[in-house]
Amino acid sequence: MIHYKKLNLSDLKEARELVWNVFLEFVAPDYSTEGVENFKKFIDENNLKDNVNTGNMEFYGAFTEGRIVGVIAVRGCNHICLFFVDKEFHGQGIARNLFELVKKNLSVGDKVEKVITVNASPYAVKIYEKLAFNVVDNEQEKDGIRFTPMKYVF
């Protein structure tokens, strides 16, 4: 059984490991060496902890049998900056459930947002389209990281 929750600081190390492993297999092949290194810096454990501690980033996770099998992180209230699911669990609705959790939490209280944005990796564009995101600009590259800007409108 899979359960979902907001991650604590103590969960970040395991979440980071999941992100890195999935990134290496599915995203890194589309990136330059520079892009891979810049992504690695972005997910540095201390950087992630600083972002969570300052309230700049919120993490949610999917858990089964005591381990994290999916992660989504949102920066600045409505921008998805990390979204990864363990390969063994692809196609089981985990990504959709994590996204629904983010939507629910963004729609509570004074955090009413009408748009969620993401800079989707080449691998992830079709996945985001299945979640009803729309492409808003052509693929771009910044610091070796390839992405397509996308948005979801409530």
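When you scan segment 61-154 for strands (runs of 3 or more DSSP E) that lie fully inside it, which ones turn up with 1 or more residues that are modelled with pLDDT of 95 or more and small (Gly, Ala, Ser)? Spell out the reasoning first.
Numbers: elements: 67-75, 79-85, 115-120, 140-142, 145-153.
So the answer is 67-75, 115-120.
Just to check your reading of the model, which residue among 78, 119, 97 is of a type in the set (S, T, N, Q), more than 12 Å from the chain's Cα centre (by Cα) and over 14 Å from residue 15 (Cα atoms)?
Numbers: 78 fails: more than 12 Å from the chain's Cα centre (by Cα); 119 fails: more than 12 Å from the chain's Cα centre (by Cα).
Sole residue among the options that is of a type in the set (S, T, N, Q), more than 12 Å from the chain's Cα centre (by Cα) and over 14 Å from residue 15 (Cα atoms): 97.
Filter segment 42-60 down to the residues that are among the aliphatic types (A, V, I, L, M) and part of a helix (DSSP H, G or I), then identify the one that is most open to solvent (accessible area, probe 1.4 Å). Please lay out each step first, then the result.
Pass one, segment 42-60, residues among the aliphatic types (A, V, I, L, M): 43, 48, 52, 57.
Checking which are part of a helix (DSSP H, G or I) leaves us with 48, 52.
Values: 48: 3, 52: 40 Å².
The selected residue is 52.
Please indicate, with yes or no, whether at least one residue in segment 2-9 is in a helix (DSSP H, G or I) and modelled with pLDDT under 95. Before you say what the answer is, go through the steps one by one.
Taking segment 2-9 first, the residues in a helix (DSSP H, G or I) are 9.
Those still in the list that are modelled with pLDDT under 95 too: 9.
Among the residues of segment 2-9, at least one is in a helix (DSSP H, G or I) and modelled with pLDDT under 95, which makes the answer yes.
Can you pull out every residue in segment 91-110 that is surrounded by fewer than 14 Cβ atoms within 10 Å (Cβ to Cβ) and under 16 Å from residue 123 (Cβ atoms)?
The answer is 91, and nothing else.
Assuming residue 137 fulfils every condition listed in (1) closer than 26 Å to residue 37 by Cα; (2) without any contact (Cβ under 8 Å) to a residue 60 or more places away in the chain; (3) open to solvent by less than 30 Å² (accessible area, probe 1.4 Å) apart from one, which condition is it?
(3)
Of (1) in contact with a Cys (Cβ under 7 Å, 6 or more places away or on another chain); (2) open to solvent by less than 70 Å² (accessible area, probe 1.4 Å); (3) under 21 Å from residue 147 (Cα atoms), residue 75 satisfies all except one. Which?
(2)
Being of a type in the set (D, E, K, R) and in a loop (DSSP other than H, G, I, E, B), is that true of even one residue in segment 15-33? Show your work before the answer.
Keep residues of segment 15-33 that are of a type in the set (D, E, K, R), which gives 16-17, 25, 30.
Those left that are additionally in a loop (DSSP other than H, G, I, E, B): none.
No, that holds for no residue.
Does residue 130 fit the bill of being out of contact with any strand residue (DSSP E or B) (no Cβ under 9 Å at 6 or more places or on another chain) and within 24 Å of residue 3 (Cβ to Cβ)?
Working: out of contact with any strand residue (DSSP E or B) (no Cβ under 9 Å at 6 or more places or on another chain): yes; within 24 Å of residue 3 (Cβ to Cβ): yes.
Spelling it out, residue 130 is indeed out of contact with any strand residue (DSSP E or B) (no Cβ under 9 Å at 6 or more places or on another chain) and within 24 Å of residue 3 (Cβ to Cβ).
Of all residues in segment 12-36, how many are closer than 17 Å to residue 144 by Cα and open to solvent by less than 30 Å² (accessible area, probe 1.4 Å)?
So the answer is 5.
The values are calculated or read from the model by the stated rules, or taken from the named source; none is laboratory data. Nothing here was measured: the structure is a model prediction, and the numbers come from that model. Neighbour counts run over all protein chains shown; Cβ positions are idealised from the backbone, glycine included. When the accessible area is computed, the model is the full protein with side chains, heavy atoms only, and any ligands, DNA or RNA have been set aside. Shrake-Rupley method; radii C 1.70, N 1.55, O 1.52, S 1.80 Å.
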